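> Got a structure for you, written out below as structure tokens; questions coming shortly.
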Amino acid sequence: MSSGLGRYASLLTVAGVRPMVITGITARLPLGMVPLAIVLVVRAGGDSYSVAGVAVAAYSLAAALAVPRFGRLIDRLGQTRILLAVGGLQPVAVVVLALLAAGHATPAALVGSAALVGATVPPVGACVRTLWGTLAPPGAALETAYALEASVQEVTFVAGPLLVAALAGAVSAIAALLAAGAIGGAGTLAFAATAASRSWHPSGHQRRPRGGALRAPAVLTVVVATAAMGAAFGAIEVVSPAFAEAHGSRAAAGFALGAFSLGSLVGGFVAGMTSSARHPATRYLAALTALALALVLPIAAGSIVILAALLFVAGLPIAPAFASAYSLINRLAMPGSSTESFAWISTAVTVGASLGTALGGAAVQSLDVRAGFALSAALAALGAAFAFSRRRRLSEPPATPFAGIL
């Protein structure tokens, strides 16, 4: 245990790492805040949950489309200019949404402004993952760095909603939304000001791949498999409240979903402490398989407490899977496309989760809760099967262009 903790300790002593980690977490905290804040703001203005749901979907879709484009610009122009521009724009977009909500604007205006907020989400996560590839020594230290990064993601999605709930309860929903914009803007600008971010520049001799980052076979494979993972997560997010409602309290779903995220955080933290000489592709396929098998467990849940325990176990392989995916992207992205490649991971999760939410809701409505949990496991299994079918692609050199999905 002590040697494992020593990995994290030594990693945090590397020059430039601590400011990057702290500002990176701060800048990404709104990812866990804004969706809930949008729902609360729209509802506080008297509009329906339907309008709130469409607004959140517009925010998520706009972010999914924008982040890879920002990543492509960063690969071309460097981090500083793009992050300063986007980091300054998002708080403005959040203020616009808050003013429209306070003024009881039309649903169309609210949805449009929510999309504007999504279109200005800074690609800080992709930037952090790119920087880890240059800051952390290659080998075990880099694998630990990516495990830490995968675990940090869960912190934002656990702490973000809690912060929104506290601010909305103590002040107002609009105050919570404005706080998310302020935190995101300040965090992004602080991240862009770190020495690590300012010193990173695209290599002048590297030509941008024609057709974008998805021309790399490994990147495409990871993105598609990640979309399937995201779909499994989306199904869990809608099936768990249905399970909780059937067992007496819909709100108790937050306890179960929190356990799911906590499992991922713990799994990533442990993975970072465990040495492994295996190729990241091997670890990636093992984590995807473990996730698909573990997601079968919630089918047997008979109470909220048992569901939370089973979801904690099911969450354990999530961060290790992402950590291995980041390592693969770092190794096998086409030259000059690292930031865009990492950004596509975020897009894949968002798009997959949206699809999984819709499918999970349909499964619960047409069949029952157990069918919804089974669907989640099946979606994860599809992702694992796809990755296995293209496992040779996960070790191809980055110079090999994409020549087809099959």
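> Quickly run through region 4-46 and pick out the residues that are of a type in the set (Ser, Thr, Tyr) and open to solvent by 50 Å² or more (accessible area, probe 1.4 Å).
Within region 4-46, Ser10, Thr13, Thr26 meet the criteria.
> Note down all Cβ pairs under 7 Å where the first residue falls in region 72-94 and is at negative phi and acidic (Asp, Glu), the second is buried (at least 24 other Cβ atoms within 10 Å of the Cβ) and assigned to a helix (DSSP H, G or I), and they're at least six residues apart or on different chains.
Filtered contacts from region 72-94: Asp75/Ser338; Asp75/Thr339; Asp75/Glu340.
> Grab the helices (runs of 4 or more DSSP H) fully contained in region 71-139, keeping just those with 2 or more residues being surrounded by fewer than 18 Cβ atoms within 10 Å (Cβ to Cβ).
Ranges flagged: 79-102, 107-119.
> I need the full set of residues from region 30-52 which are part of a helix (DSSP H, G or I) and without any contact (Cβ under 8 Å) to a residue 60 or more places away in the chain, in order please.
If the condition is that a residue be part of a helix (DSSP H, G or I) and without any contact (Cβ under 8 Å) to a residue 60 or more places away in the chain, then Pro35, Val39, Tyr49, Ser50, Ala52 are the ones that fit.
> Are there helices (runs of 4 or more DSSP H) fully within region 295-406 with at least 2 residues that are surrounded by fewer than 22 Cβ atoms within 10 Å (Cβ to Cβ) and of a type in the set (S, T, N, Q)? List them.
338-366
> Something else now. Only one of (1) open to solvent by 50 Å² or more (accessible area, probe 1.4 Å); (2) among the hydroxyl-bearing types (Ser, Thr, Tyr); (3) touching a residue at least 12 places away in the same chain (Cβ under 8 Å) fails for Ser264. Which number is that?
(1)
> Continuing with this model, one more query. Could you tell me whether Phe191 is open to solvent by 10 Å² or more (accessible area, probe 1.4 Å), in contact (Cβ under 8 Å) with a residue 24 or more places away in the chain, on the phi < 0 side of the Ramachandran plot and in contact with a Leu (Cβ under 9 Å, 6 or more places away or on another chain)?
Here the answer is no, as Phe191 does not meet what is asked.
> Among the numbered criteria (1) assigned to a loop (DSSP other than H, G, I, E, B); (2) without any contact (Cβ under 8 Å) to a residue 60 or more places away in the chain, which single criterion is violated by Val14?
For Val14, the failing item is (2).
> Would you be able to say whether some residue in region 158-173 is closer than 19 Å to Pro320 by Cβ and open to solvent by 40 Å² or more (accessible area, probe 1.4 Å)?
yes
> Here is a check on your reading of the model: is Gly185 at pLDDT 95 or above and part of a helix (DSSP H, G or I)?
When the stated conditions are applied, Gly185 passes them.
The values are calculated or read from the model by the stated rules, or taken from the named source; none is laboratory data. Computed from a prediction, not measured in an experiment: that's the story for all the values here. Glycine gets a Cβ as well: all are built from the backbone with ideal geometry, and neighbour counts include every protein chain shown. Just the protein is used for accessible areas: all its heavy atoms, side chains included, with ligands, DNA and RNA removed. Shrake-Rupley method; radii C 1.70, N 1.55, O 1.52, S 1.80 Å.
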